[in-house]
Amino acid sequence: MAFINKFIGGSSDVIQRITELTKTEKGEMVIMHLLADLVEDGITGDNQREGFEEEMKTYNDKITIDLISHGVREKGKLAAQKTVVSFRENAKERLAFWLANRMDQLAFLTLSGISYAFNNDGSPRTSGAFANLAFAADVSAPTTNRGRRWDGVNSVLVPSNTAGMLATDTLTYKAIVDITVYAKTHYIKPLNYGGKEYYCAFIRPEGLAQLKKDPDKIDCPLAA
């Protein structure tokens, strides 16, 4: 039921699922191996390649894991006898929706670099459960070099992190075009499905509404 599950899979998906755990002194965690692209220019003509090979650089990213769970209970035996609805079926459905909903909340807070102390709409979270997750401290806002903000006043992409967002930075069709160009010119690898390349943009309903009402939108396909 989780929306984020549509984008989780192997190395060609938005989010890569790793099921093999590595034992460490602090318990089990996920070790993700990252292989950097080659940067040297190589050699030309018949020049000797031996001794001029480029070393492939690998990095390890340690991902801490934790568990979330929840439960429900009947009000009492008398209340259970009075109700016509099956408690077990109701509980299973409600818990399934709860887990899917919390998976989506955690996923998009993490992708956005926003603390688990907040809800996805920016309001403070009343429960402190998520703040106690083992990986909660690993979530941080993107640095200036890894984040771009759409300057709604001047209609340009500018280096910025989430703290630099302004009320005037409303999403426009021009922003989508410029973001795509930025991704291509900076060699951010797109996803490949059916021989076609795609970039994914996760947008809140308010942002989607801004795009649909944008007069500059040229019949671009926007998913709800």
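Just so you know, all these numbers are worked out from the coordinates, no wet-lab data involved. Predicted model, so just to flag it, every value in this text is computed and none were measured. For neighbour counting, all protein chains shown are included, and Cβ atoms are generated from backbone atoms with ideal geometry for every residue, glycine included.
Data overview
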read-out: Convex hull (Cα only) mean projected area of region 148-212, reported in nm² to one decimal; value: 5.1
read-out: Ascending count of other beta-carbon atoms within 10 Å, so fewest first, for L106, L208; value: L208, L106
read-out: Extension reserve of the F135-T180 stretch, reckoned as 0.36 nm per residue once the Cα distance is removed; value: 13.1 nm
read-out: Per-residue Cβ neighbour rank within 10 angstrom, fewest leading, F130, F108, F97; value: F97, F108, F130
read-out: Cα-based reach from K217 at 15 Å (exclusive), listing aspartates and glutamates while leaving out same-chain residues under 8 positions away; value: D178
read-out: Two-decimal log10 I(q)/I(0) for the chain, as the Debye equation yields it once each C-alpha is a single scatterer, q = 0.09, 0.10, 0.19 Å⁻¹; value: -0.57, -0.69, -1.63
read-out: Within the chain: Cβ-based charge dipole about Cα centre, in debye rounded to nearest 20 (Lys, Arg +1; Asp, Glu -1); value: 1600
read-out: N154-E54 pseudo-label distance in nm [points 7 Å out on the Cα-to-Cβ vector]; value: 3.4
read-out: Percent of C-alpha pairs per 10 Å bin, region 115-176, short to long; value: 20, 37, 29, 13, 0
read-out: Label-point separation, L111 to A36 (7 Å along Cα→Cβ), nm; value: 2.8
read-out: Net lengthening on full extension, I15/T144 (0.36 nm per residue, minus Cα-Cα); value: 44.2 nm
